[in-house]
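Working notes for the structure below.
Where a number appears in this text, it was derived from the coordinates with a stated rule and is not lab data. These numbers come from a predicted model, not from an experiment. Counting neighbours? That spans all protein chains shown, and the Cβs are built from the backbone with ideal geometry, glycine included.
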Amino acid sequence: MKRRQSVLAVLARNRPATLGASLLLVIVTVSLLAPLLPLHDPNATDLANRLLRPSLLSGNPLGTDHLGRDLLARLIWGIRLSLAVGIFASIIAAVSGSALGIFAGFFGGRVDNLLMRGVDMLMAFPYILLALTIVAVLGPGLLNALYAVAIVNIPFFARNIRGATVAVIRREFVDAARLSGMNNRRIITVEILPNVAPVIVVAMSTTIGWMILETAGLSFLGLGSQPPQADLGSMLGEGRKLLITAPHASIVPGAMIFIIVIAVNLLGDGIRDILDPRLRAGTLSRPAPLTHVRRESIPEPQSGYLLEVQNLHTHFIASGRVDKAVNGVDIEINAGQCLGIIGESGSGKSVTALSLLGLAPSPPAVITAGGVRLEGEELLSANFSRLRSIRGKKIAYVFQNPLATLHPLTTVGAQISEAIRCHRPVSKHSAWAEAVNLLNQVQIPNAAARARNYPHEMSGGMCQRVSIAMALANSPQLIIADEPTTALDVTVQAQIISLLSRLRHQQNMTLIFVTHDFGILAQLCDRVAVMYAGRIVENGSTEEILANPAHPYTARLIECAPRLGKGRRVLTSISGLPPAGDQLPAGCAFASCCDRSTERCRRGDIKTRPVAATHSVRCLYPLGCAP
Amino acid sequence: MNAVLRVAGLCKTFGGEQRLFGKPSPPVYAVQSVSFSVAGGEVLGIVGESGCGKTTLARMLVGLLPASSGQIKISGRDISDLSGETGGCGRHIQYVFQNAPGSLNPRKTILQIMEAPLIHLLGMAGADRKARIAELFDAVNLRREFLQRYPHEFSGGQAQRICIARALAANARIVVLDEPVSALDVSVQAQVLNLLSDLRKAYNLTYIFISHDLAVVEAISDRVAVLYFGSIVELGKAGDVFSGPRHPYTHLLTESAPVIGKPLSIAVDTPGDPPDPLAPPAGCAFAGRCDKAQNDCRLNKPTLTKNPGEHHVRCFHPLG
Amino acid sequence: MRRYVLKRFLAVVPVLLGLTLIVFLIMALIPGDPATAILGSYATAENVEKINRSLGLDKPLAQQYLIWLSNILQGDFGRSYSLNRPVLDEVLDRFSATLILSGAAFLLCSLWGVLIGIWTAARQYGWTDRILTVAALTGISVPSFWLGLLAILAFSVHLRWLPASGMFAVYGGGGMVDLLKHLILPATTLSVVATGVIARLTRSAMLEILRQDFICAARAKGLPEHRVLYLHAFKAALVTVIPVLGVQAGFVLGGAVYIETVFQWPGVGLMLVQAISKRDILLIQGGVVIVAVCYVMINLMADIAQHWLDPRVKT
């Protein structure tokens, strides 16, 4: 019940949806009250008062039609009829279409094939034409129009609901239900139906407006409601004959149809926004080309590092919540170094990497403080075209999932050439030759032919090599690799790490490597920054940190990762979870999980302090040191 | 050995049906004559990379997928007989999914989810159910007020505990764990692995533990089977297999696993991809990636042969 | 590619068979026999039987279908009793008019719809986005037959800019200019609803694509934003937009029924409405089959275009 209330609350916050709902409420109420309202008899003719113009003072505020019938009364009774027909048609279509869809999706195989072929056949007709044909068979009449419009919409429901059912059946909880001993009937009613219901509602919200329009259309053509009974469509059809002499007779009912349909659609859009998981997850906003920056001051440069990140804060600000994903990060890196940033999910390591060149998605990301300098040049205050000339040219990225980060509809060779040509004035031909050369460099066998492949034609490991080749395209000063091997198999991962290691030494490459795996870190990086809850808690040379971790969190993290060759054993674990980014405690974020913490750890800002020449830690009681 | 689960010649083929028009779709042999047995209280680890048939095998073991051929016997009874009983084989063997949040119906409360196996498999009455759920929740260290909540309110680690509790609810003696910790962070992963070990001892459970992560499998298993391209290529005691792998593929796996203090040893140009399932090779499936492969490897399929110490290897030229 | 096209063409055959079967069955279900309808007050038992025999209605249903199918394959759709003229001749005459109208409307709606969709997605939450989004919502909610009447009132009756009905002027008509003058109002009216639908779907497809990883990766390469939006994102969005265009072609083709009635455009739609009121079954049958076959072909082209664009679509 709590859920349902929140849905209504969300709907109330959506202004267009509220407008639609209130309009609809008024219209429905008035039409329901029609028998009680002081209206004329909608069918009473009065030939003496034909075609009166609308006038608020007379007894016929909206005028009269060609038979002298009161248009207001006819309009309100017409709304009743139109609404009833639209709603019933959509219920009939939804119930039978959804039943077919669930049935076909659940049982699959031959049943599915047969049903869906039938649906395809029906969908081979233009929608309105099919409705027309059905009315032609059944004969004109409002009820027949209702059936026609409902039948025509069944395929739409069947197809959508079948798709949703198939998607639900693939989810693990249906298998789990089966293993819990449920039979098919129970699985359909308890597991599938509640999860498909939102899709049915969404489909209804998109079609109900259509159905009202379609039945009105059939009546307009004289195939729906028959005189003297009139819905809005047939009023419009009758009014049309007198378009020039009495335009009000057709304008008013048409406007009413329009208002009803737009109200339905406004409400439907609102419902869809809430129920569609894709919309709900990201509030369907597109990320801007540049992360928003709202900071009060720009930190002064320190010294001649290649890249210097100072006190970087990237927050996700959405609907009143502030998630402090990156909360004061400092990084320095010299040319030729390889820095590993390690942390668990949600520690802010990827957001840090993306923030450096303004790639963190805005909205909701906002850089609220700090600075990023490449060779002394402040990047966060650079304008877009300057930043664009650095992206891919001076600093290049390699991302986690190669299949998702390459454009699916373009050959890999074309994608690498594009990266070359957007920074250097090279001919198409020589850019392609360079691309093939790069593919050779990352050891893709048969590179000239592979360049013509699409990403989906290559394995994950090969795609990641393409991404690396693309990053190398303009010989950047720095490459940022964001978990480049997490999506790959171990054997492929080892090859990619070897490749990166070799390229690094051959080309004296500077690398920032984001990972969650200490094993990879040890093999590749010469310096490590450990991130926890948006901050770097420990920073130093790889050997030093692996041998003598000073922060209790680092020590625990190293211990709890199972390591091959240690045999069967009980693992060290960290009790409790990292705090969420929108409720960070004062003091050290790890204090509540730490067995060394005291009251002092929960107060104030804890500064980084050196424990050795190349090793610093953000802890009051570092391991191996006197407090 | 007192085997509670015995699998013999298990195969699964997808496709290959005659279509209305044209040629039949090419068959894909997802699992090819897999045989093993597991003793009561034992943990058998199954290791393999993506696409090796791990999940297909797991789903056949719990009866979610019918086998194309071969036998699965639980405590001497064929799984197809068990499926006929009320509730199917869920009373004897249970399954824990990789994607724990996805294996909980988002529209049911945790209480409803926990009650399902108790009602449908055991036919328990209300009061008994309540007591049983309380006991299970204590065993997996979850607070009882969680029962009234919906799945989306839980973290990955908590959701996996709920799934483990549900798997235990039916009193099945065998649990198939399909990548149960792969989606979790290392710190949480350690908690769940330790919990699994404790539960095994407490309830004398038998585990089939499937994972791509060698270190995780090593930390929990008694014996290990290495799966490649649908077949077991090596099977033996966990210590033997990992410290002295005899199949070149197992050797490649152990060499590839990143370990602190071990230098990089994999060449950049090692052929990295398994064969195309639509065009399987005539001989050993690994021959194309193996630097020890000879002519016989490319022509004939090796069989799983037994070596001293119950160490089985499917290779003409085993290492060591 | 060539194999795929061939395969798709072959796959259309059963659809066309099914389609004709549905039309045939629906028509066979019509209550009352056509003979009585044709003969009206001249119906005597003897005459009815004669007509029935000439229409082949005394044979079993399956046989009737096969005869009918082989007839229409040879171009014989029968004779319209109300017009006393071969159905095919009438339908083909009318169909060219419908094709001109809905073709023009389709060009308008796909052009404007896609442009508005991209424009609003690129400027999400800007004021042009808000205005055009409301416009698109209005577009999908407006009854096109009512909009047509308003257009006639405004542009023909009051402003006297454009003709209100027909395809050519009655006196001194003919020629391209005259046709275009007559085409503007009905084609624009017919395109409004489809424009709204296409714009809304293009917008959401673009927004969906713009959140994908490969857009972030394209930006990380340093590509100019117009290239990211109009090349990378739009290319990927087209894969979802093309089937929408195919479906909308059907809506335009079907929606022509209303517009032809309102503007007295001498197309198949108007013919069908008149045929239904006269219960001229053979004429309805012929009109429906021709329009539906045309729609199937349009969807086939959409399929092929999508395959050409997206190499991932499996054959």
### Query
Can you give the angle from 0 to 90° between the axis of helix B:186-203 and the longest principal axis of chain B, with both taken from C-alpha atoms, to the nearest 10?
70 degrees
### Task
For chain C, set up a Gaussian network in which alpha carbons nearer than 10 Å are linked by springs, and say which option among C:Ala97, C:Ala275, C:Ala220 fluctuates the most.
C:Ala220
#### Entry: For chain C: rounded, prolate or oblate by the Cα gyration tensor [a/c cutoff 1.5]
oblate
### Query
Tell me, in nm to one decimal, what length is gained between B:His152 and B:Lys237 on full extension, where the rule is 0.36 nm per residue of separation less the Cα-Cα distance?
26.7 nm
### Message
Modelling each spin label as a point 7 Å along the Cα-to-Cβ direction, I'd like the A:Thr45/A:Arg117 distance in nm, to one decimal.
### Response
5.4 nm
### Summary
Inter-chain shielding metric for A:387-397, i.e. average beta-carbon neighbours from other chains within 10 angstrom, reads 3
#### Entry: Under-5 Å amide H pairs with A:Ala529, H placed in peptide plane, nonlocal only
A:Gly340, A:Ile341, A:Ile342
### Message
Compute, for the stretch A:150-213, the length of the dipole vector about the Cα centre, with Cβ point charges of +1 (Lys, Arg) and -1 (Asp, Glu) only. Units Debye, rounded to 20.
### Response
120 debye
### Task
Give the long-range amide H neighbours of A:Val293: residues separated by 5 or more places, or on another chain, with amide H under 5 Å away, using H modelled in the peptide plane at 1.01 Å from N.
A:Ile367
### Summary
Relative to chain C, whose Cα atoms define the longest principal axis, helix C:61-73 and its Cα axis are tilted in degrees, nearest 10, by 70 degrees
### Summary
Yeah, the stretch C:79-163 with a ≥ b ≥ c from its alpha-carbon gyration tensor (a/c under 1.5 is rounded, else prolate when a/b outruns b/c, oblate otherwise) is prolate
### Message
Sorting check: for C:157-167, C:290-300, which peptide has the highest mean count of neighbouring beta carbons within 10 Å, and how do the rest follow?
### Response
C:290-300, C:157-167
### Task
Evaluate E = 1/(1 + (r/R0)^6) for B:Ala131 and A:Asn183, where r is the Cβ-Cβ distance and R0 equals 30 Å; express this FRET efficiency to the nearest 0.05.
0.70
### Query
What list of ³J(HN,Hα) values in whole Hz, one per residue of the stretch C:224-239 in order, does the Karplus curve 6.51 cos²θ - 1.76 cosθ + 1.60 (θ = phi - 60°) give from phi, with Gly and Pro shown as x?
x, 4, 5, 6, 4, 6, 8, 10, 5, 6, 5, 4, 5, 5, 4, 4
### Task
Give the peptides A:563-576, A:61-74 in descending order of average Cβ contacts within 10 Å, highest first.
A:61-74, A:563-576
### Query
Hey, what number do you get for the protein assembly as shown at 222 nm if only DSSP H runs of n ≥ 4 count, each worth -39500 (n - 2.57), divided across all residues, to the nearest 500?
-16000 deg cm²/dmol
### Message
Straight-line reach only, C-alpha to C-alpha below 21 angstrom: list the lysines that A:Lys428 could link to, leaving out same-chain residues fewer than 8 apart.
### Response
A:Lys393, C:Lys221, C:Lys235
### Message
Can you tell me the orientation of helix A:460-472 relative to chain A, as the angle in degrees between its alpha-carbon axis and the longest Cα principal axis, to the nearest 10?
### Response
70 degrees
### Query
Can you sort B:Lys54, C:Lys181 so the residue with the fewest Cβ neighbours within 10 Å comes first?
C:Lys181, B:Lys54
## Note on the structure
As straight-line cross-link partners of A:Lys324, the qualifying aspartates and glutamates (C-alpha separation under 12 Å, not fewer than 8 residues apart within one chain) are A:Asp582
### Neighbourhood net charge (12 Å Cβ-Cβ; Lys/Arg +1, Asp/Glu -1) for A:Glu377
0
### Mean Cβ count within 10 Å, highest first, over the residues of peptides B:125-136, A:331-342, A:577-588
A:331-342, A:577-588, B:125-136
### lysines with Cα under 20 Å of B:Lys262, excluding same-chain neighbours fewer than 8 positions away
A:Lys566
### Task
Could you list the square roots of 5 times each eigenvalue of the Cα gyration tensor of the protein assembly as shown, that is, the equivalent ellipsoid semi-axes, sorted largest first and rounded to whole Å?
62, 37, 32
### FRET efficiency, 1/(1 + (r/R0)^6) with R0 35 Å, evaluated for A:Gln302 and A:Ser592 via beta carbons
0.55
### Summary
Across C:254-261, the residue-averaged tally of Cβ atoms belonging to other chains within 10 Å stands at 5
### Summary
To the nearest 20 debye, the protein assembly as shown has a Cα-centred charge dipole, built from +1 on Lys and Arg Cβ and -1 on Asp and Glu Cβ, of 480 debye
#### Entry: Most fluctuating residue given options B:Tyr203, B:Tyr228, B:Tyr249, as computed from a GNM of chain B linking Cα atoms under 10 Å
B:Tyr203
### Message
Can you compute the FRET efficiency between A:Val28 and C:Val5 using 1/(1 + (r/R0)^6), with r the Cβ-Cβ distance and R0 = 45 Å? Round to the nearest 0.05.
### Response
0.30
### Message
Rounded, prolate or oblate, given the Cα gyration tensor of the stretch A:406-485, with a/c below 1.5 counting as rounded?
### Response
oblate
### Peptide B:96-108, shielding by other chains (average Cβ, 10 Å cutoff)
5
